[in-house]
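Beneath this line is the structure, given in structure tokens, with notes to follow.
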Amino acid sequence: MKSIVRAVFVVLTVVFGIGLAAPAQAGDFASPAEAKALLDKAVVYVKANGAEKAAVAFMDPKAGFRDRDLYVSMSRMADGVRLAHVNPKAVGKSLYGSTDVDGKPYGDEMMEMASSKGSGIVTYRFPNPVTKQPMEKISYIERVGDVVLLVGAYK
């Protein structure tokens, strides 16, 4: 009986070990359409609750503003300072001057787009928070009053 239990344990350990070590599948990543939907949800939330309350919600992993590799980033229009981001170390730092892994100044491009057009799309390469590997990312941008919201999906 002990040998059967031990064999089942070994099989389960191997099966779960392979599952945990397996690379992320395409379904593990959100689509650009899902990113745009999350941005739209965030815009509605900011308009209804204000930027201060929204920043708290966007930082809370259980508030409904994170899904797989999707998250909401919010910055002040006046200076680009991040008020919310999936990485707490990014909060308080300006989006201006941010560059991707290839040196593209995506932060300046995002802030300029929000300032001049109010919304748009910026593509750049950035480490995926799930895989930690640099991937092409498409970010949707929308200005809401004195803040700019960003949500991006990895391709």
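The values are calculated or read from the model by the stated rules, or taken from the named source; none is laboratory data. Since the model is a prediction, treat every value here as computed from it, not as a measurement. We place every Cβ from the backbone using ideal geometry, glycine too, and count neighbours over all the protein chains shown.
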Among (1) small (Gly, Ala, Ser); (2) surrounded by 10 or more Cβ atoms within 10 Å (Cβ to Cβ); (3) modelled with pLDDT of 95 or more, ALA48 falls short only on (2)
In the set ASP60, ASP67, ASP100, the lone residue that is among the charged types (D, E, K, R), over 13 Å from VAL147 (Cα atoms) and touching a helix residue (DSSP H, G or I) at 6+ places or on another chain (Cβ under 6 Å) is ASP100
When region 94-120 is checked residue by residue, the ones that are touching a strand residue (DSSP E or B) at 6+ places or on another chain (Cβ under 6 Å) and closer than 26 Å to PHE29 by Cβ are LEU95, ASP100, VAL101, ASP102, LYS104, TYR106, GLU109, MET110, MET113, ALA114, SER119, GLY120
Flag for VAL86 being among the β-branched types (Val, Ile, Thr) and surrounded by fewer than 14 Cβ atoms within 10 Å (Cβ to Cβ): no
